[in-house]
Structure formats: C-alpha cells, structure tokens
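Participant: Below is the structure I would like to discuss, written out as structure tokens.
The values are calculated or read from the model by the stated rules, or taken from the named source; none is laboratory data. Small disclaimer: the values here were computed from a predicted structure and weren't measured. Neighbour counts are summed over all protein chains in view; Cβ atoms, including those assigned to glycine, are modelled from backbone coordinates with ideal geometry.
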C-alpha cells in the first residue's frame, strides 16, 4: 500500500490555510499617518468624532443626550465653514406592509456646498444611537466620513450642489428620512443618494444596496471607487433579511442610490461595545475614501449614462467587473450549453462524476449540521460567538473531508470527466440561485469561462485545459471566498451547515486537479487522517470559550411591571444559554416566555413588586365616521422614554395622524397586532388621532420603556456573566397597563 506523498498532504494543508485566511482577501491598507492634499484625512475625521461623542453616552432620538450630540455636530460643521440648517417637527413613519408606526420629534441637520441651483447629491448618516449603544460606529463612522468629505469639498468649484443630511430618528424607525422627504425643500431637488451606515466596528465599507434598476448607480460607483467591495448578490440577499436603513424610505424616490456599511464584528453592534476605541480606523478610512471620491465626481457634474440592470462583483477589493444583466444571463446560458455538450462528449462515467460532486457538497452540509447538532446537546447558546474562526475551520475541514471521501471513490472516472461534471453542476446551481437572486449570476461566470477557454485552446496547446482549470479554481476561491467571508460575518455560525456546502464548492475544483495523486494513494491513508482532523477540529469548537472580552454574550436584564395586575417579573434576554448560579439562586426561572414589548422570548421569574410609573392614553373624542371611529388620544408617558400602544388585530387600525404627519397601517400581516410607538420627551402630552375600523372598543396594551432598573436588580446585575452585555435593548424597566379603547 503506497503512502500518500508528502507534497499531497502539503497541498491539502495549503488549501485549508487558504480557507482559514480567506478573510485577508479584503484586508484594508494601513491608516495614512499623513494625508496628501485632497486625500481623506482619517485622523482628522476621527478627532471630530471624538469631540462630537465626547461622553460616549447612548443618545436616542429626542433626548437631552442627543441634543448635546447635535449641538457638538453643528459646532463642527461651522468650524468647517458650513452653515448648518436645523428642521424641527413631529414625524411618523411606517415600513411598507407592516402594522407598526413610529413617531418622534425630529431635528434633522443639513448643510449644502456648491451652487444654489441644480440637482442635489445627498449624503446621509444618522446622529442618533440605539438606546443601549454609544453609537461610535453606528453611525458615528458615517458622520465622521461625511464631515471630512465636506471639509475637503469646501472651497472647491462644484457644478452641482452637494447636501449633507445628518438625520435623527433612524434607530427609532427611520423617521428622520421620512421627515426629510415630507418637510425639506431640498428633497424634490435630489437625484442621487449616498447612505453611510454600520452594523459592526471593523472590515471594509461594503456597498451592499443600490437603487433598482441599478445600472446608473453602479456606473457611478465603478467610476469613483478605488478599492470597491461589492457584488450584485448582496442587494438581492439584503432584501431577504429583516434589517433596514434610511434607504428603505428614500427608495420611494427615483434616485440613483448607493448604500454603504461596515459589518465586521456584529457582537458590538447596538451594544455598549460600540465605542470609539473599538472602531477600526481602517474601516473609517475605507468608508471615507469612497465617500470623498463619489462626492468629488458627482459634485463635478458627472452623471450616469447607463440604464437597465447590471451584474457586478469586485475582485478581492481591487477592481469592479460590471456586465449588463441580460448579457450575463445569456452568457450563463451559453456556458451551460457548452458544458452540457462537453458532458455529452465525455459522457462515459459522467453520471457517476455528477453524483459524486453533488454528494460531496451535500455531505459537507450534512456533516457540519450533524456536528453542530451534537455540539448543541453539550453546549448552549451561541457557543461560536467568542472565537468564530475555530468554528469556521471546523466547517472547512468538514467540507474537505466530505469532498475527499467522494473523490476517493473515483477509480475509473477520469479527471476530464470530473471537471466537466463539476462545472456543469456549478452552472446549473448558479442558474437555479439566479432565479431567486438574479444578482448572483455574475459569480457563476468567470471561473467556468476560464475552464472553457482552456478547453477551447487544448487542441492547439497541450495542457491548456489543466491550466484553465487551475486558473478557474483560483478565481473561484477569490470570488466565492470573499462572498463566503461576508456571509459568515453578517450571519455568524448559526447556519454553519450552509457554509460547509459553499466551502465544498470552493474546494472541489482544486481537489479534482489532485485526483491523480489521490489515485496513487490508498483510501485509508487519506480518509482516516481526514476523519481524525475533522473530529479534532469540532472537538476544539466544543472546548473554546463561548465568549470573549471582544465578542461578548448578549445578556439583557429587564424588569416588567404589570400595572393592571400589580405584579413584577424579572426578564432576561440572552442567546438561550442557561442562566448563571447567581440568577438561579435568586429565583425560579421559566424559559421562552412571551413579553408584550418584543417578539423575542425571554427567561422570566417572579420579582418583588416595585411599581414603575405606567403610561396611559386619555381618550379625548371618538366620533363615528363611515370607516369606523376617529379616536383622538392624549399620551401620558409618566417619565418613559418610549410609549407603545398595541392594539389587537380585531381593532383594524387604518391610519394615524400626529401634528400634520400621517401614516397608514399595513394590512398584510392578517393576524398580527397593531403598534403605535412614540419615542422621546415630546411624546408626553402629544395628541394622536387614529382611524379605527372597528366600532367596538378593544383591550389595548400600553407599554412604557424606562431607562433604569429598580434597586432590587443589583444582585442580578452583579451575577451577570463576565463576558456579557446588553445588546439591541438596554437593561431597563417596562410598565404595562391595559386599557379599553
């Protein structure tokens, strides 16, 4: 029995090393210590942000803390030499189709550079933060990038106006964007939008969303971006996830839109960990470079000439490939026909080869799924959170082992058949995905094109097919590897089985080129070590700490006071892990308890009766109208930072009007309740008018959110795990009362 050659083992180790380091494909350059004339000055931008967020307090919409941030922002704008304008008014916003309307008093800040006439380029970031976060990255990074961009544009001769909008209330329901559209005289004169956002504290500034059709926006981006990180799959993928930015409001207008965000290390997003110290200055520089380049180009009067829909992808963040969508789909079809014809010519053994390729991909997913299921029996919560790289390596080793097991079964099928089989399966998979996410098509074109070119040249140059296949494997790693890294960063490892399937797709072309070596080795020297290494990799995942100083556990402590029932309860929102001893010793806890203020279930336990002032809604009038009732309510917050009114589905809410701002409630979610939410100081005493379809009174729930916990919570806070912090919602108290309205 022959031993596996050492250089085969080295080749496999190199593949794993490449997969482990694939995140380096998008590594950003070091921060410039001295910016040349006309360059984005990262250190100066960061200095401004430190002054604006000097106390690093959370600063929600319509709060004293946000007033202070706004005042410091205005000071910085004036120091640049701009004349900031502040709008002021109560505004409501709703997301299309949903039954939730959010309202708040909004004070947007705008500053314009350039001529008084012409179509405006609009740069947008928000200056409010989530209730639990200092907001250094979300959205301090956008503010810092915009301020430095404005400073660089100041004094230049521009062909068209460039307006910088720092809006309020994005975190409260994208209300600032709605206020701009409803109230700003600039809004009708805008035709191009650049939005700067963040969902993390590190990594590149990804251009992840565009207007549709996207060709005009992509043409602008391609001309301006120096180190673009973008692909047309992200826009389709983003539409499938629940997150949204101000673009969700602005896309109602026929504007060319580019949306950028930093997404590295989501564990700090909407948490106390979103600090100035945690922000990667390279991310700010990358975001700022792109913003400044776009501002200079657009301000000079450049306008897009393209139309329709485009496919696009960056190559390792170095340059952007753009293709008309129709041409891309035609090319995809031609490649499928080419490899189908190739398969027919190499049909002997092709069926088995196709089955082995599919088996490698499916088995990789099944192996990772099974490993995670078994680990889930031993470990609770997001155990991959603290050291995600360990789980990533285990996933890649699983994909490698599954692929090797499939290819080790090949004894008579030639490498040429395996190539034909893989690329045919690859293209058919691409066509299937493109039906759901058309933007994905671009990722399935370049690698098989390299193989096809090699096959076409084989008759004139012996070995060209192999060279083309190796080139295709490298291109596939560069393109799919970067996309896989972005998906892992965005979604973490809760669905690691799907990453294993993608990893198998990345690895298979390279492994197919190693088949001659695999044939010279017996199966045991290959599969036995692969199985041992896979087991070892998942064993490491089973023992690495679940959380770390940098990547902490989501762990929020809440107190819920039921004013109607006169009872209190402790609530804990975490990732599902069991509670520490300090909690279980203090009370008996129930798992997966519903709460009236969130769709996430909590741990719950009986708490001391500590009354929290409850909000209420006073009925001023409710005349009958043909549609039902028009109910006028006066809100009383009782000191709450947010007041929420939840009505059952039977109430049939139609619309809400507050001081001239009106929004309708969606009707798509047939069985879901309606929610009217008002945030900030101005909610107290506010009069809202509701159009209600039901003539019969219904029992409503009124919820007040308070920023502090009662003193009785101190033992729980002291017992909170070391590497844990609140995320998405702060530690706080909720007062609930039921009213008939």
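Participant: Which ones in the range 82-98 are within 19 Å of residue 663 (Cβ to Cβ) and surrounded by 18 or more Cβ atoms within 10 Å (Cβ to Cβ)?
Facilitator: Matches in the range 82-98: 87, 90, 91, 92, 93, 94.
Let's see how each residue does on (1) at pLDDT 95 or above; (2) under 33 Å from the mean Cα position of the chain (by Cα):
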| site | (1), (2) |
| --- | --- |
| 650 | no, no |
| 666 | no, yes |
| 669 | no, yes |
| 680 | yes, yes |
| 723 | yes, yes |
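Participant: Moving on to the next point. Please determine whether any residue of the range 387-397 is crowded, with 19+ Cβ neighbours inside 10 Å, in a helix (DSSP H, G or I), more than 26 Å from the chain's Cα centre (by Cα) and at pLDDT 95 or above.
Facilitator: Taking every residue of the range 387-397 in turn, at least one turns out to be crowded, with 19+ Cβ neighbours inside 10 Å, in a helix (DSSP H, G or I), more than 26 Å from the chain's Cα centre (by Cα) and at pLDDT 95 or above.
Participant: State the number of residues belonging to the range 536-552 that are assigned to a helix (DSSP H, G or I) and either surrounded by 14 or more Cβ atoms within 10 Å (Cβ to Cβ) or in contact (Cβ under 8 Å) with a residue 60 or more places away in the chain (or both).
Facilitator: The qualifying residues number 5.
Participant: Could you say which residue among 319, 329 is within 30 Å of residue 287 (Cβ to Cβ), under 29 Å from the mean Cα position of the chain (by Cα) and in contact (Cβ under 8 Å) with a residue 24 or more places away in the chain?
Facilitator: 319
Participant: I'd like the residue in the range 553-576 that is in contact (Cβ under 8 Å) with a residue 60 or more places away in the chain and part of a loop (DSSP other than H, G, I, E, B) and, out of all such residues, is farthest from residue 266 (Cα to Cα).
Facilitator: The qualifying residue farthest from residue 266 (Cα to Cα) is 564.
Participant: Going by the conditions given, is residue 563 more than 20 Å from residue 677 (Cβ to Cβ) and either under 27 Å from the mean Cα position of the chain (by Cα) or surrounded by 13 or more Cβ atoms within 10 Å (Cβ to Cβ) (or both)?
Facilitator: Here the answer is no, as residue 563 does not meet what is asked.
Participant: Now, a different point. Residue 217 versus (1) at pLDDT 95 or above; (2) touching a helix residue (DSSP H, G or I) at 6+ places or on another chain (Cβ under 7 Å); (3) farther than 30 Å from residue 272 by Cα: which is the lone unmet condition?
Facilitator: (2)
Participant: For the range 115-136, enumerate the residues that are within 16 Å of residue 246 (Cβ to Cβ) and assigned to a loop (DSSP other than H, G, I, E, B).
Facilitator: Matches in the range 115-136: 127, 128, 129, 130, 135.
Participant: Can I ask one more? Name every residue in the range 419-467 that is assigned to a loop (DSSP other than H, G, I, E, B) and over 30 Å from residue 241 (Cα atoms), in order of residue number.
Facilitator: 458, 459, 460, 461, 462, 463
Participant: In this structure, does residue 133 turn out to be surrounded by fewer than 22 Cβ atoms within 10 Å (Cβ to Cβ) and out of contact with any helix residue (DSSP H, G or I) (no Cβ under 8 Å at 6 or more places or on another chain)?
Facilitator: No; evaluated as a whole, the condition is false for this residue.
Participant: Of all residues in the range 697-714, which are loosely packed, with under 15 Cβ neighbours inside 10 Å and assigned to a strand (DSSP E or B)?
Facilitator: Residue satisfying the conditions is 699 alone.
Participant: Okay, moving on. If only one of 340, 401 is assigned to a helix (DSSP H, G or I) and either touching a helix residue (DSSP H, G or I) at 6+ places or on another chain (Cβ under 6 Å) or within 30 Å of residue 224 (Cβ to Cβ) (or both), which one is it?
Facilitator: Numbers: 340 fails: either touching a helix residue (DSSP H, G or I) at 6+ places or on another chain (Cβ under 6 Å) or within 30 Å of residue 224 (Cβ to Cβ) (or both).
Every option except 401 fails the conditions.
Participant: Counting residues that are within 17 Å of the chain's Cα centre (by Cα) and in the same structural domain as residue 296 (by TED's automatic domain parsing), which helices (runs of 4 or more DSSP H) fully inside the range 193-274 reach at least 1?
Facilitator: 232-238, 247-250
Participant: Okay, next question. Would you mind stating whether residue 79 is out of contact with any strand residue (DSSP E or B) (no Cβ under 7 Å at 6 or more places or on another chain), surrounded by fewer than 24 Cβ atoms within 10 Å (Cβ to Cβ), at pLDDT 95 or above and outside any strand (DSSP E or B)?
Facilitator: yes
Participant: I'd like the full set of residues that are out of contact with any helix residue (DSSP H, G or I) (no Cβ under 9 Å at 6 or more places or on another chain), surrounded by 14 or more Cβ atoms within 10 Å (Cβ to Cβ) and over 13 Å from residue 563 (Cβ atoms), limited to the range 601-616.
Facilitator: 601, 602, 604
Participant: Out of 470, 526, 487, report the one residue that is modelled with pLDDT under 95, touching a helix residue (DSSP H, G or I) at 6+ places or on another chain (Cβ under 9 Å) and surrounded by fewer than 18 Cβ atoms within 10 Å (Cβ to Cβ). Even if it seems obvious, please write down each step before you answer.
Facilitator: Working: 470 fails: modelled with pLDDT under 95; 526 fails: surrounded by fewer than 18 Cβ atoms within 10 Å (Cβ to Cβ).
Step by step, each of 470, 526, 487 is checked, and only 487 is modelled with pLDDT under 95, touching a helix residue (DSSP H, G or I) at 6+ places or on another chain (Cβ under 9 Å) and surrounded by fewer than 18 Cβ atoms within 10 Å (Cβ to Cβ).
Participant: Within the bounds of the range 483-501, is there any residue that is outside any loop (DSSP other than H, G, I, E, B), free of Cβ contacts under 8 Å to residues at least 12 places away in the same chain and either within 19 Å of residue 232 (Cβ to Cβ) or not assigned by TED's automatic domain parsing to the domain that holds residue 204 (or both)?
Facilitator: There is at least one residue in the range 483-501 that is outside any loop (DSSP other than H, G, I, E, B), free of Cβ contacts under 8 Å to residues at least 12 places away in the same chain and either within 19 Å of residue 232 (Cβ to Cβ) or not assigned by TED's automatic domain parsing to the domain that holds residue 204 (or both).
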